[in-house]
Amino acid sequence: MSNAPVTTQNALPPSPAAARHRGVLLGIVAAVLLAHGLLLPAPNWRDWRWTPPVVPTKRSASVTLAAVRLPPPIAAAPSAQPATKPKPPPQTAARPPAVASTAASAALETSPDNIAQEGAEPGLPDIGGLMPELPTLTLPQPLQLRYSAQRNDGQPGQAELLWQPDAQGEHYTLHWQVSLPGGRGEQDWQSSGELGDQGLLPVRMVERKRGKDQHAVNFQREKQLISFSGPSGMQRLMPGTQDRASWLLQLPMIVQALAGSDGLGVGVGTLVTLPVATVRGDLDFWQFEVQAGPPLQLPNQAHPLPAWRLVREPQRPYDQRIEVWLARERDMLPAQLRFTTVPGENSLTLTLLDGLPPPAETSASAPPPGHSTSP
């Protein structure tokens, strides 16, 4: 066995040229990596998680497109407790209920608030067709009706209704006066205007207290407007509109025309609506309903009078309930009236003392006032 020593040959160090060549290559690689690092966004290592690779599978399917009509969207149900409480609607005057199908009743499709306007005529709406034509009314002869006036909280007073049409039947004046003791003094309403087939056509109404003019209502028929001495607004002049005095005769004439010669045209439940202009600047629709009641016993009448009792309910707080008893056999004239402020219990009752014409069966043969039967 040979014991010759083993000689190890060391690798020769690279030449300076090779070393420089390798350094250049390493510099180029480093520069390229640095450029990619600047251009690419920095990874968010917090959101990084390892996801196993998904191996796609090959599938084939046929797809058919069709037009489908979608149902309408369903409105979301309102929440039980809304974030904001809705504001309540503004209070308006109550609309008159539907009236009976009579020629004198008005089947209104609008509220009186829709007719009131501030300003001149062009701003007022068209109301054609809202009010049907009234029947031809029979005007009463000149009258002077005297009433006792009784409040439920005071001493008795008196009232008077003076009706004076002219000889030609074209114009009228109507004076309605109530006198009460206890410092209340007198209050009266004087209405004047024209006469036609549809009854009273007021032109001006003046309200007085203690003999002094307080308020006035003017019916401008050429413009179809109603103006007032106090309020600045105007109202549309509707067919058949009355004032606070003229309605006292217009209502009886309408009921008499509806009743007919046999009286069967009026019964319990019959409704009659009157537009009434007030000194406050309102145009209210007074609806009277015929109600049952016993015959009316007047102080100066030997026998009870058959009468229709008509009731108008108030339309707003502190308005009046109006009850009218019309003498059926005495030209339907108001034999008794009662005015009650609601809410409250204060009322004023007017009971006829004298001035009624004779019964209907004899009044046809009686000569009218101011005429003589002598040759």
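The values are calculated or read from the model by the stated rules, or taken from the named source; none is laboratory data. All values derive from a computational prediction rather than experimental measurement. Here the Cβ positions follow ideal geometry from the backbone for every residue, glycine too, while neighbour counts run over all protein chains shown.
Please give the number of the condition residue 269 fails out of (1) in contact (Cβ under 8 Å) with a residue 40 or more places away in the chain; (2) touching a Phe, Trp or Tyr at 6+ places or on another chain (Cβ under 6 Å).
Single failed check for residue 269: (2).
Count, please, the residues in the stretch 288-311 that happen to be assigned to a strand (DSSP E or B) and either surrounded by fewer than 22 Cβ atoms within 10 Å (Cβ to Cβ) or in contact with a His (Cβ under 9 Å, 6 or more places away or on another chain) (or both).
The total comes to 7.
Can you name the condition, by its number, that residue 257 falls short on among (1) under 25 Å from residue 174 (Cα atoms); (2) touching a helix residue (DSSP H, G or I) at 6+ places or on another chain (Cβ under 9 Å)?
(2)
Just to be sure I understand, how many residues within the stretch 215-247 are among the aliphatic types (A, V, I, L, M), within 24 Å of the chain's Cα centre (by Cα) and not in a strand (DSSP E or B)?
The qualifying residues number 2.
On the basis of being at pLDDT 90 or above and either over 19 Å from residue 252 (Cα atoms) or not in a strand (DSSP E or B) (or both), does residue 340 make the cut?
It is true that residue 340 is at pLDDT 90 or above and either over 19 Å from residue 252 (Cα atoms) or not in a strand (DSSP E or B) (or both).
Restricting to strands (runs of 3 or more DSSP E) lying wholly in the stretch 132-199: which have 3 or more residues that are closer than 22 Å to residue 275 by Cβ, touching a strand residue (DSSP E or B) at 6+ places or on another chain (Cβ under 7 Å) and not hydrophobic (A, V, I, L, M, F, W, C)?
Because the criterion is at least 3 residues that are closer than 22 Å to residue 275 by Cβ, touching a strand residue (DSSP E or B) at 6+ places or on another chain (Cβ under 7 Å) and not hydrophobic (A, V, I, L, M, F, W, C), the strands (runs of 3 or more DSSP E) in the stretch 132-199 that meet it are 171-180, 185-196.
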